[in-house]
1. At each listed q (0.18 Å⁻¹), what is the log10 of I(q)/I(0) that the Debye formula gives for the chain modelled as equal alpha-carbon point scatterers?
2. In degrees, nearest 10, range 0 to 90: what is the angle between the Cα axis of helix 166-181 and the longest Cα principal axis of the chain?
3. For the range 47-134, place one equal point scatterer on every Cα, skip the solvent, and apply the Debye formula. What is log10 of I(q)/I(0) at q = 0.12, 0.16, 0.18 Å⁻¹?
4. What number comes out for the charge environment of ARG180, summing +1 per Lys or Arg and -1 per Asp or Glu over other residues with Cβ under 12 Å away?
5. Would you please classify the overall shape of the range 1-68 from the alpha carbon gyration tensor, given that a ≥ b ≥ c denote the square roots of the eigenvalues, rounded means a/c under 1.5, and beyond that prolate means a/b larger than b/c while oblate covers the rest?
6. Nearest 0.05, what FRET efficiency do ASP121 and GLN80 give at R0 = 22 Å with Cβ-Cβ as r?
7. Counting only protein heavy atoms, what percent of the accessible surface of the chain is carbon or sulfur at a 1.4 Å probe?
8. Quote the charge dipole size of the range 109-166 about the Cα centre in Debye, to the nearest 20; the model charges only the Cβ of Lys and Arg (+1) and of Asp and Glu (-1).
Amino acid sequence: MEDRDTAGLYLEMTDTPVDAYTAERVAGLLGAPGVTRATWWANVRRDRDDLPRVLPEFDLLAAYEVEDGFAAPEPRSGIQGHHFRRTPRPGQGRLTGRPTIGLSLVLISPRQLGRAQELRDWGDFVHLRHIAEVAVPGYTMITPYERVGGGDPRYLHWYEMDTDDPEAAFQAMTPLVRERLDDPDAFQAWAWHDALRIMYVNSFRLLGEHAA
């Protein structure tokens with residue numbers, strides 16, 4: 001995905017076995033108007049307990065690259081669906097020319113509705129900025145998205161990776177930022193904002209893909 005400017009992402013999260021999900025679901029959604037590509041990903045650290053979580057855990061993540069005007073399908077039993085649109089500000093990071101085979105998925109919301117822009121500004125100008133600046137090995141592009149229609153989770157931070165060990169890359173990120181900032185107050189300002197509500201964070205490895 002790092003070499004394309006994707007207008008939106010529709011994510012599905014499920015515990016359905018991958019073969020059953022791809023056979024029953026991917027082909028149908030690839031035929032929907034506005035869907036251009038599907039990828040599906042394995043959760044590599046299920047039930048992690050080192051970060052807060054609001055959304056239920058799941059084994060399989062499916063990501064559908066979608067155009068403006070895509071209409072998300074009705075929810076199905078056993079599947080969580082979330083539709084996001086690119087925010088106006090650009091993604092940050094680097095293009096390596098290598099395919100995206102790992103992900104860090106981060107879903108956040110403001111603690112109060114009126115603080116959404118404050119949280120977005122912190123994300124773009126502080127949090128994502130410093131992660132991009134340290135050039136974490138394995139990280140490529142970090143792209144922010146906003147939930148279509150509002151609600152929770154409000155923002156998606158989509159961290160693309162060109163490594164097949166995305167959890168190791170994720171674990172390397174915080175120490176690198178801490179070292180670069182070299183100041184406890186600056187690090188705390190990077191790591192946390194009082195408007196931040198973490199909804200879900202985890203690492204994923206690519207299993208398969210298919211264009212529409």
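1. Normalising to I(0) and taking log10 leaves -1.44.
2. Result, in degrees: 20.
3. The Debye formula, applied to the Cα set alone, gives -0.55, -1.03, -1.31.
4. Values: positive: ARG129, ARG178; negative: GLU133, GLU179, ASP182, ASP183.
Net charge in that neighbourhood comes out at -2.
5. Values: a/c = 2.38, a/b = 1.45, b/c = 1.63.
Oblate, because a/c is 1.5 or more while a/b does not exceed b/c.
6. On the way: r = 28 Å, r/R0 = 1.26.
According to the calculation, E is roughly 0.20.
7. Working: 4930 of 9810 Å².
That fraction is 50 percent.
8. 420 debye
The values are calculated or read from the model by the stated rules, or taken from the named source; none is laboratory data. No experiment lies behind these values; they were computed from the predicted model shown. Please note: Cβ atoms are built from the backbone with ideal geometry, for glycine as well, and neighbour counts cover all protein chains shown. These area figures cover heavy atoms from the full protein model, side chains too; ligands, DNA and RNA do not enter into them. Shrake-Rupley method; radii C 1.70, N 1.55, O 1.52, S 1.80 Å.
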